[in-house]
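One structure is given below, encoded as structure tokens.
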Amino acid sequence: MSDSEDTVTDAGFDDWLDAAEDGTADYLECPDGHTALPPRRVCPDCGATDLEELALPDTGEIRTFTVTHVPTPAFEEDAPYATAVVDFGPVSLTGQVVGIDVDDVETGLEVELEIATSETTGERVIGLRPA
Amino acid sequence: MSDVRVAGTGLTPFGNSPERTSRDLFAEASIAAFEDSGVPREDVEGVFYGNFMGELSEHQGHQGPLMAEAAGVQAPATRYESACASSGTAVREAVTRIRNGENDVLLVGGAERMTNLGTAGATEALAIAADDLWEVRAGVTFPGAYALMARAYFDEFGGEHEDLAHIAVKNHANALSNEKAQYQSAIEVSDALEAPPVSEPLGLYDACPISDGASALVLTSESYAAEHDLEAPVAITGTGQGGDRMALHDREYLARSPAAREAGAEAYADAGVSAGDVDLAEVHDCFTIAEVLALEALDLEPIGEGITAARDGRTTADGETPINLSGGLKAKGHPVGATGASQIAEVTDLLAGEHPNSDHVADATTGVAHNAGGTVASATVHVLEVME
Ligand SMILES: [Zn+2]
């Protein structure tokens, strides 16, 4: 939880954030078309193990969102902030909506991935910027 | 399969006692349960104990033997952790063990110490029920996750914050006569609507409080209850459990709880009852919207209609099917690990005519307890019936 050189990363997840920063975020799909986010060896829906890495679509659509006023200590300086569940084509993820006033966030808003930084901890956060 | 008698129930007051250890809380609840049951401690063959955040709040793991010791029981003991469904899961495991004939007497319950963490600390601790990598690190809190579900519900089925406020008003009213409840104070719809936002659209009065407390049950086989002439008229006649994807964003429906539906269907079938037979229920209203989702998952309300149940009086104390006559998590309090077993205690006492609110359900014979973990990636449902 710090920026020091000896920080142990979460394999799969931090790699995904790195990829997202490079614009190459992916998701996993099994032969039956079930989708999931890494790190994952097995399809959670059917148990298939031959998962294919596919490029995450460039834009997604907000399915639901909330504006949080009472955060955990890790987001104390960030509140109030908007968190949204977003559909990127066949896969969904949760992130913080950035680059827009929290009062203007709405369901159906089109967003793109942008790895942001917590104002409280300096840690990377999955961000969603209006496209 | 044989039914499982609820021979004794015990609860501490739920509320604000930051200095009290969970071992002390559980000891108090267990003393009450043993006194209520008339079962001697030496007959207990195992302890099934629920707790969620003991490592974070008390720096204490391995709580099973600690709690057996606190209760004065010499028997193997195991802690169950399924977030807010921890002791619901413990109850289910104990029920299964007794039905299988492996045990005749088990001590079941749970405890949680939370208020010593403060609001920020407890918010952080509760958040670990969500996916740490993909939800918590994006800033999802426990209220935040239910707020995401609440907005999704409004978008799909309609309804508004005022409908949710009626649920808070109802549950506060129910808790007025419950001396163990954290809040014994009436509120108005306007109080809920004017309260500060926690995670929009949910405000302070949509959320259960942060609570300390413990619950305990003495469960026995039918044969043990008969042999020892126990006064235990209420039995657990059905048990069910359901599961779902951990992260909310991985669910097909954001405003439904399939895990609770699965648990409910299993418990109803197990007991040989249907939703129409249910006279009362204690459901997991960690947030007001959660009561709506629970009613619909249990088929006590059609999908998309649970939002109006409290407002229109169907679930109030004198409604068709009173929900959360204890005050629910909202007003009774939610010491996480204690909640599931406390719901069994409340339903038992309501059905046995020993609850301050029993007068509202004088002819009731069938009750349901619904306990949920996280955003309902875990759920247990139990059916309780009056046997004699
Ligand atoms: Zn699959």
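One table, with the values for the structure above:
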| item | result |
| --- | --- |
| Cα centroid separation, region B:317-366 to region A:41-95 (Å) | 37 Å |
| Heavy-atom surface of region B:239-388, accessible at 1.4 Å and reported per residue (Å²) | 27 Å² |
| Difference of contour (0.36 nm per residue) and Cα-Cα distance, B:ALA275 to B:GLU19 | 88.0 nm |
| Inter-chain shielding of A:58-67 (mean C-beta neighbours from other protein chains, 10 Å cut-off) | 5 |
| Delta accessible area of at least 20 Å² on complex formation, residues of region B:138-161, 1.4 Å probe, chain isolated as reference | B:ALA138, B:GLY139, B:VAL140, B:THR141, B:LEU148, B:ARG151, B:ASP155 |
| Two-decimal log10 I(q)/I(0) for region B:202-341, as the Debye equation yields it once each C-alpha is a single scatterer, q = 0.09, 0.10, 0.12, 0.19 Å⁻¹ | -0.32, -0.40, -0.57, -1.32 |
| Chain B, helix-only ellipticity at 222 nm - DSSP H runs n ≥ 4, -39,500 (n - 2.57), divided by all residues, nearest 500 | -11000 deg cm²/dmol |
| Cysteines in the protein assembly as shown that, by Cβ-Cβ distance, have no pairing candidate under 4.7 Å | A:CYS46, B:CYS84, B:CYS208, B:CYS286 |
| Cα centroid of region B:145-208 to Cα centroid of region B:249-316, whole Å | 17 Å |
| For peptides B:202-211, B:349-358, sequence by mean Cβ density within 10 Å, most packed first | B:202-211, B:349-358 |
| Solvent exposure, largest accessible area first (probe 1.4 Å, DNA, RNA and ligands not counted), of B:GLU194, B:GLU385, A:GLU21, B:GLU346 | B:GLU194, A:GLU21, B:GLU385, B:GLU346 |
| Of all accessible heavy-atom area on region B:237-379, the percent that carbon and sulfur account for (1.4 Å) | 42 percent |
| More than 31 angstrom apart: percent of Cα pairs within the protein assembly as shown | 44 percent |
| Rounded to whole Hz, the Karplus (6.51, -1.76, 1.60) HN-Hα couplings of region B:164-171, x for glycine and proline | 5, 4, 5, 5, 4, 4, 4, 6 |
| Shielding by partners - mean other protein chain Cβ count within 10 Å, residues of A:71-77 | 6 |
| Theoretical FRET efficiency, 1/(1+(r/R0)^6), r = Cβ-Cβ of B:GLN184 and B:GLU320, R0 25 Å, to 0.05 | 0.45 |
| Longest to shortest principal axis, alpha-carbon extents of chain B, angstrom | 55, 45, 38 |
| Mean accessible surface per residue for region B:104-217, computed with a 1.4 Å probe while every protein chain stays in place, in Å² | 31 Å² |
| Kirkwood Rh and Cα Rg combined as Rg over Rh, evaluated for chain A | 0.99 |
| Listing of region B:241-261 residues, each with accessible area lower by at least 40 Å² in the full protein assembly than in the chain alone (probe 1.4 Å) | B:ARG245, B:HIS249, B:LEU254 |
| Where A meets B: accessible area buried, both sides, 1.4 Å probe, Å² | 2700 Å² |
| Max mean-square fluctuation residue, GNM over chain B, Cα-Cα springs under 10 Å, options B:LYS332, B:LYS180, B:LYS170 | B:LYS180 |
| Sites A:GLU52 and A:THR7, calculated FRET efficiency, Cβ-Cβ separation with R0 35 Å, nearest 0.05 | 0.70 |
| Burial order of peptide ranges B:55-64, B:364-373, B:305-314 (average beta-carbon count within 10 Å, highest first) | B:364-373, B:305-314, B:55-64 |
| Magnitude of the charge dipole, the protein assembly as shown, Cβ model with Lys/Arg +1 and Asp/Glu -1, debye to 20 | 1220 debye |
| Contact order normalised by residue count of chain B, Cα under 8 Å, 6+ apart, percent | 26 percent |
| Of A:PRO57, A:PRO39, A:PRO73, the one that fluctuates the most in a GNM where chain A has Cα springs shorter than 10 Å | A:PRO73 |
| Residue list for region B:222-252, given a label point 7 angstrom along the Cα-to-Cβ vector of B:ASP155 and an amide N cut-off under 14 Å | B:249-252 |
| Amide proton proximity set for B:GLY46, modelled H, under 5 Å, gap of 5+ | B:LEU107 |
| For residues of A:13-22, the mean tally of beta carbons on other chains within 10 Å | 1 |
| Accessible carbon and sulfur surface of region B:1-64 relative to its total accessible area, %, 1.4 Å | 49 percent |
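The values are calculated or read from the model by the stated rules, or taken from the named source; none is laboratory data. Since the model is a prediction, treat every value here as computed from it, not as a measurement. Quick reminder, even Gly has a Cβ in these numbers, built from the backbone with ideal geometry, and neighbours come from all protein chains shown. Please note that ligands, DNA and RNA were not included when accessible areas were found on the heavy atoms of the full protein model with its side chains. Shrake-Rupley method; radii C 1.70, N 1.55, O 1.52, S 1.80 Å.
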